[in-house]
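**Q** Submitted below is the structure of interest, expressed as structure tokens.
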Amino acid sequence: DTGVSQDPRHKITKRGQNVTFRCDPISEHNRLYWYRQTLGQGPEFLTYFQNEAQLEKSRLLSDRFSAERPKGSFSTLEIQRTEQGDSAMYLCASSPRGGGAEQYFGPGTRLTVT
Amino acid sequence: GENVEQHPSTLSVQEGDSAVIKCTYSDSASNYFPWYKQELGKRPQLIIDIRSNVGEKKDQRIAVTLNKTAKHFSLHITETQPEDSAVYFCAAEDDKIIFGKGTRLHILP
């Protein structure tokens, strides 16, 4: 499968625990984006990378969230000290470039914080 | 930053009729406007897009229009079919994509 993949697909965790998600973009795609989607809402931008450089983080992203793309290929999104409000679908997308290139979404990681 | 408003939030149309979804954006620097379709439990998928140097684009039963002066753009689906039932998102990009809140489209038999 040459599409965007995400792991795990589902994660249930207790409040206060840390979680880490992984995204593998389409090979050779320079741009990688993270979004959060809650029920009945559109994907909400969190952060994005150009190769290994993190270019922007949403003001909505608290200090408990961190993302990396160490070698410009896969990316990880970590949430520390999870809260119930973090429950959502976390979507990753990649594109070959910025400036109007189609973004290809992964299947998402559904996080449930109990 | 960019803000995208989308209307209506829910739309029901009779099979075979047309559906229109409208969006406005705030950042005049945005120059790329994609539309995504998301079926229940699935990832968003691009169905059509338009760039700021074009006023209209059509792909079979789907068309988009863009009015840069007014900062609004619309999706038109003609001859709707049951498989068109889904949530549709408009979006605007100025280096990163900002999505609208979505329109749930129901096609009635």
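The values are calculated or read from the model by the stated rules, or taken from the named source; none is laboratory data. Given the structure is predicted, the values throughout are model-derived calculations rather than measurements. Every residue, glycine as well, gets a Cβ built from its backbone with ideal geometry; the counts of neighbours run over all protein chains shown. What goes into the accessible areas is simple: the full protein's heavy atoms, side chains included, and nothing from ligands, DNA or RNA. Shrake-Rupley method; radii C 1.70, N 1.55, O 1.52, S 1.80 Å.
**Q** Give the cross-link partners of B:Lys68 among the lysines, using a straight C-alpha distance below 18 Å as the criterion and excluding same-chain residues fewer than 8 apart.
**A** B:Lys22, B:Lys57, B:Lys58
**Q** Tell me which GluC sites (Glu not before Pro) from the stretch B:46-96 have a DSSP coil assignment and no more than 14 other beta carbons within 10 Å of their own.
**A** Those that pass, being in a loop and sparsely packed, are B:Glu79.
**Q** Using the Cα atoms of the stretch B:5-109 to build a convex hull, what is its mean projected area in square nanometres?
**A** It is 6.2 nm².
**Q** Each residue of the stretch B:4-18 in order: what ³J(HN,Hα) in whole Hz does its phi give by Karplus 6.51 cos²θ - 1.76 cosθ + 1.60, θ = phi - 60°, with x for Gly and Pro?
**A** Karplus-based 3J(HN,Hα) across the stretch B:4-18 equals 10, 9, 10, 9, x, 7, 9, 9, 10, 9, 6, 3, x, 7, 9 Hz.
**Q** Could I ask something else about it? If you average 1/r over all unlike Cα pairs in the protein assembly as shown and invert the result, what Kirkwood radius do you get in angstrom?
**A** The Cα-based Kirkwood calculation yields 18.0 Å.
**Q** Then there is this: Provide the gained length on full extension for the span B:Val20 to B:Ser52, in nm with one decimal, where the gain is 0.36 nm per separating residue minus the Cα-Cα distance.
**A** Full-extension gain reported as 9.5 nm.
**Q** Among all the aspartates and glutamates, which ones have a C-alpha under 15 Å from B:Lys71's C-alpha, if same-chain residues fewer than 8 places away are not counted?
**A** Filter leaves B:Glu2, B:Glu5, B:Asp27, B:Glu56, B:Glu93, B:Asp94.
**Q** Ignoring ligands, DNA and RNA and using a 1.4 Å probe, state the total buried accessible area between A and B in Å², rounded to the nearest 100.
**A** 1600
**Q** Given Cα pairs under 8 Å that are at least 6 residues apart, what percent is the relative contact order of chain A?
**A** Reported relative contact order: 37 percent.
**Q** Could you work out the relative contact order of chain B, using alpha carbon pairs under 8 angstrom and six or more residues apart, expressed as a whole percent?
**A** 38
**Q** Next question, about the same structure. Taking the Cβ of A:Leu60 as the centre, find all other residues whose Cβ is under 14 Å away and add up their charges (Lys, Arg: +1; Asp, Glu: -1).
**A** That works out to -1.
**Q** As an exercise, find the ratio Rg/Rh for the stretch B:11-52 from alpha-carbon atoms, using the Kirkwood inverse-distance average for Rh.
**A** Ratio of gyration radius to Kirkwood radius: 1.04.
**Q** What stretch of chain A, leaving out the sites themselves, is the longest with no trypsin sites (Lys or Arg not before Pro) in a DSSP loop having at most 14 other Cβ atoms within 10 Å?
**A** That gives A:16-58 as the longest site-free run.
**Q** Longest span of chain A, sites excluded, free of GluC sites (Glu not before Pro) in DSSP loop with at most 15 other C-beta atoms within 10 Å?
**A** Longest site-free region, per DSSP loop and neighbour criteria: A:53-82.
**Q** Still on this structure, I have one more. Taking 1 over the mean of 1/r across every pair of different Cα atoms in chain A, what Kirkwood radius in Å do you get?
**A** After inverting the mean inverse Cα-Cα distance, the result is 14.0 Å.
**Q** Let me ask another. For the stretch A:106-114, take each phi angle, set θ = phi - 60°, evaluate the Karplus expression 6.51 cos²θ - 1.76 cosθ + 1.60, and give the result in whole Hz per residue in order, putting x for glycine and proline.
**A** x, x, x, 10, 8, 9, 10, 9, 9
**Q** While we're on this one: Give the Kirkwood hydrodynamic radius (Å, one decimal) of the stretch B:50-109, defined as one over the mean of 1/r across all pairs of different Cα atoms.
**A** 12.9
**Q** Let me ask something else. With θ set to phi - 60°, apply the Karplus curve 6.51 cos²θ - 1.76 cosθ + 1.60 along the stretch A:63-78 and write out the HN-Hα couplings as whole Hz, x wherever there is a Gly or Pro.
**A** Each residue of the stretch A:63-78 in turn: 5, 6, 9, 9, 10, 9, 9, x, 10, x, 10, 6, 10, 10, 10, 10 Hz.
**Q** Right, another one. For the stretch B:9-26 and the stretch A:81-99, what is the separation of their Cα centres, given in Å?
**A** What the calculation gives is 27 Å, centre to centre.
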